[in-house]
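**Student:** Quick one: this structure, given as structure tokens, is what I'll be asking you about.
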Amino acid sequence: MVEQLQRYGVIKSSKVAEVMETIDRGLFVPQGGSPYFDSPMAIGYNATISAPHMHAACLELLEDHLQPGMRALDVGSGTGYLTACFALMVGPGGRAVGVEHIPELVASSAENIKKSAAAPQLNDGSLSIHIADGREGWPELAPYDCIHVGAAAPQIPEALIEQLKPGGRMVIPVGTIFQELKVVDKKLDGGVSIRDETSVRYVPLTSKDAQLHSN
Ligand code: SAH
């Protein structure tokens with residue numbers, strides 16, 4: 001899977017390749033799924049694990065903000081796959097924080113991570129997953145060098161911009177039916193620049209009720 005993403009030019013960084021090799025996606029996809037197939041997969045609760053090429057693209061965009069010792073927030077952490085990748089990149093001296101509003105997914109993501117190469121970081125506290133509304137971010141550990149949002153917001157939540165460190169970067173899908181993956185850079189003077197990276201399709205960043213009753 002990683003070799004194929006490298007061949008297609010999605011993965012250029014050797015660090016991203018190494019991390020995606022080390023965190024086995026097979027531990028995060030529900031039984032019966034095809035973990036190494038480049039497609040999103042249902043994980044219950046009207047949620048999906050993103051396709052490997054989207055995980056790879058986000059890691060590539062965020063790599064400079066996932067250096068050892070840095071702080072990373074993963075909003076809508078779902079299976080915990082990307083949060084585990086973040087933890088490996090920032091290392092035990094950094095912090096990788098997942099926020100997910102479905103308690104069952106938080107519980108199963110912790111089980112997934114316990115089987116993975118990121119397990120020691122769950123034990124030492126440099127990786128944690130919390131049950132909360134990710135539209136509010138996770139202010140306790142702000143500001144973050146890196147914020148990833150794994151669900152599409154109608155607009156960029158103000159709390160997330162606030163919790164981004166000057167010099168930090170956020171990657172967030174924005175839109176309803178048509179969505180753009182936006183790259184939000186906070187400059188050192190606090191100013192913010194936003195650009196569109198690519199068109200995408202994510203599940204919505206919404207309330208728990210709206211998500212569970214969406215079909
Ligand atoms: N990166 C995750 C993506 C999971 S799908 C993965 O690849 O496994 C998006 C996730 O966002 C879902 O698990 C959904 O429950 C969660 N979500 C949606 N709205 C949310 C909100 N307001 N707060 C927290 N999590 C939310």
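Each reported figure results from applying straightforward, stated rules to the coordinates on display, with no laboratory input. Because the structure is a prediction, the values reported are computed rather than measured. With ideal geometry, Cβ positions are generated from the backbone for all residues, glycine too; neighbour counts draw on all protein chains shown.
**Student:** Can you tell me the relative contact order of the chain? Whole percent, Cα pairs under 8 Å, sequence separation 6 or more.
**Tutor:** The normalised contact order for the chain reaches 16 percent.
**Student:** What 222 nm value per residue comes from the helices of the chain, counting each DSSP H run with n ≥ 4 as -39,500 (n - 2.57) and dividing by all residues, nearest 500 deg cm²/dmol?
**Tutor:** -8000 deg cm²/dmol, from helical runs alone.
**Student:** Around I147, which amide H atoms from residues at least 5 apart in sequence, or from another chain, sit under 5 Å from its own amide H, with H modelled in the peptide plane?
**Tutor:** L73, R169, M170, V171
**Student:** Sticking with this structure for a sec: Which distance in Å, rounded to a whole number, links the C-alpha centroids of the stretch 19-95 and the stretch 191-215?
**Tutor:** Spelled out, the Cα-based centre of one part sits 17 Å from the other.
**Student:** Whole-Hz Karplus ³J(HN,Hα) for the stretch 68-74, in order, using 6.51 cos²θ - 1.76 cosθ + 1.60 and θ = phi - 60°, x for Gly and Pro?
**Tutor:** With coefficients 6.51, -1.76 and 1.60, one gets x, x, 7, 10, 10, 10, 10 Hz.
**Student:** Around G98, which amide H atoms from residues at least 5 apart in sequence, or from another chain, sit under 5 Å from its own amide H, with H modelled in the peptide plane?
**Tutor:** Amide H to amide H, under 5 Å and 5 or more residues apart or across chains, G98 pairs with D74, S128, I129, H130.
**Student:** Run down the lysines and flag those whose C-alpha is under 30 Å from the C-alpha of K15, throwing out any fewer than 8 positions away in its chain.
**Tutor:** Candidates past the 8-residue exclusion: K114, K115, K165, K182, K186, K187.
**Student:** Please give me, ordered by residue number, the trypsin sites (Lys or Arg not before Pro) of the stretch 158-215 that lie in loop per DSSP and have at most 16 other Cβ atoms within 10 Å. Don't jump to the answer; show the numbers that get you there.
**Tutor:** Working: sites: R169, K182, K186, K187, R195, R201, K208; in loops: K187, R201.
Here the sparse-neighbourhood loop sites are K187, R201.
**Student:** Across the Cα atoms of the stretch 1-213, what radius of gyration and what greatest pairwise Cα-Cα distance (Dmax) are found, in Å?
**Tutor:** Every Cα atom of the stretch 1-213 included, Rg and Dmax give 15.5, 49 Å.
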